[in-house]
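Below is one structure, written out as structure tokens; the observations come after it.
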Amino acid sequence: MGLARDRAMPPTTLERMLWIKSFHIVFVASWFAGLFYLPRIFVNLAMVPADSQAERERLLLMASKLLRFTTILMVPAVALGLWLWWGYGIGQGAVWMHAKLTVVALVLAYHHQCARQLRWLREGSSSHGHVWYRWFNELPVLLLVVAVVLVVVKPF
């Protein structure tokens, strides 16, 4: 759905859609902020010396709270996006939207993997070091760049 179709909507419908878009963007940005920071905590957890149990527990608590909050932010981000797609027809049938939905599925999988990584770190069964977590931390940046380019540029 392009700008021309946006303007063809009745003013109240257009205004409501713009409010939904605005809140969708805010929740997506907030969700990604959590996805950017959580693996940084994993990096620090992977570097904690074995004799520093208090530091480890503090980082695990921080990571747990951040994951919970990030998960809460994910729900309206996805729900508002679905509302724009199904309720207003934004991108329906467009190749760029199918590609963006694939990116969203990858972000959801990444979010789930963050939860698994935290569980493994909590159990002490993670086999990854701080360098691996530094690379793991780059994935949401790449996914966000691809999603934004797909939505703004609509390359196909």
Margin query: Testing W86 on (1) modelled with pLDDT under 95; (2) in a helix (DSSP H, G or I); (3) surrounded by 12 or more Cβ atoms within 10 Å (Cβ to Cβ); (4) not charged (D, E, K, R), one condition comes back false. Which one is that?
Written below: (3)
Notebook entry, point to check: Within the stretch 20-76, how many residues are more than 21 Å from G129 (Cα to Cα) and either modelled with pLDDT under 95 or among the basic types (K, R) (or both)?
Noted result: 3
Next item on the list: Being assigned to a helix (DSSP H, G or I) and in contact (Cβ under 8 Å) with a residue 12 or more places away in the chain is the filter here, so list the residues in the stretch 137-152 that pass it.
Entry: L139, P140, V141, L143, L144, V146, A147, L150, V151
Next item on the list: Please find, within the stretch 49-72, the residue that is farthest from the chain's Cα centre (by Cα) out of those that are assigned to a helix (DSSP H, G or I) and acidic (D, E).
Entry: E55
Next item on the list: Tell me which residues, restricted to the stretch 89-136, are part of a loop (DSSP other than H, G, I, E, B), touching a residue at least 24 places away in the same chain (Cβ under 8 Å) and on the phi < 0 side of the Ramachandran plot.
Entry: I90, Q92, A94, S126, H128, G129
Margin query: Suppose we keep only residues that are free of Cβ contacts under 8 Å to residues at least 24 places away in the same chain and under 15 Å from F32 (Cα atoms) within the stretch 66-83. Which one would you say is surrounded by the most Cβ atoms within 10 Å (Cβ to Cβ)?
Written below: I72
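The values are calculated or read from the model by the stated rules, or taken from the named source; none is laboratory data. It should be emphasised that the depicted structure is a prediction, and the values quoted were computed from it without experimental measurement. Positions of Cβ are backbone-derived with ideal geometry, glycine not excepted, and every protein chain shown enters the neighbour counts.
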